[in-house]
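The values are calculated or read from the model by the stated rules, or taken from the named source; none is laboratory data. All values derive from a computational prediction rather than experimental measurement. Cβ coordinates were reconstructed from backbone atoms using ideal geometry, including for glycine residues, and neighbour counts include every protein chain displayed. Calculation scope for accessible area: heavy atoms of the full protein, side chains included, ligands and nucleic acids excluded. Shrake-Rupley method; radii C 1.70, N 1.55, O 1.52, S 1.80 Å.
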Amino acid sequence: MCSIVTGGNGFLGKALRRHLENSFGFDLHNGNLSDYTPRRLADLWQGATEIYHCAGLVGSVELENNVSEALQTNVVDAIKVFEAAKILNARVFFPSKPLNANNIYTYTKK
């Protein structure tokens, strides 16, 4: 069994990878999800049976001036991950539980 952790170098991704055997991180340091189609992600992640989608653009007030990037990263790129998982027939774990706050991050993660 092979697991992919998007955002694998982030706070949650690093902690998760420490507990998963055979996990590989996919982070902005080695690829931006926006640069890939779901088919290309599936090709890169061939053999993965689980995908933990931890990548995201985090922030509150600072995202107010960066709404389009937050939408791209937290919504469109998440959909790409879900579509890639469907191609791979892999399970997806989406560990997102934003606070009940009125900000861009919360809206895009919900």
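What the table shows:
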read-out	value
Enumeration of residues in the range 5-19 that are in a strand (DSSP E or B) and not hydroxyl-bearing (Ser, Thr, Tyr)	5
Qualifying positions in the range 23-37 - surrounded by fewer than 12 Cβ atoms within 10 Å (Cβ to Cβ) and either touching a residue at least 40 places away in the same chain (Cβ under 8 Å) or part of a loop (DSSP other than H, G, I, E, B) (or both)	29, 30, 37
Selection count where residues are touching a residue at least 40 places away in the same chain (Cβ under 8 Å), open to solvent by less than 40 Å² (accessible area, probe 1.4 Å) and out of contact with any Asp or Glu (no Cβ under 8 Å at 6 or more places or on another chain), scope the range 4-15	1
The range 67-99 - residue that is modelled with pLDDT of 85 or more and outside any helix (DSSP H, G or I) and, of those, least open to solvent (accessible area, probe 1.4 Å)	90
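Here's the yes/no breakdown for (1) touching a helix residue (DSSP H, G or I) at 6+ places or on another chain (Cβ under 7 Å); (2) not in a helix (DSSP H, G or I):
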| position | (1), (2) |
| --- | --- |
| 3 | no, yes |
| 21 | no, yes |
| 39 | yes, no |
| 43 | no, no |
| 59 | yes, yes |
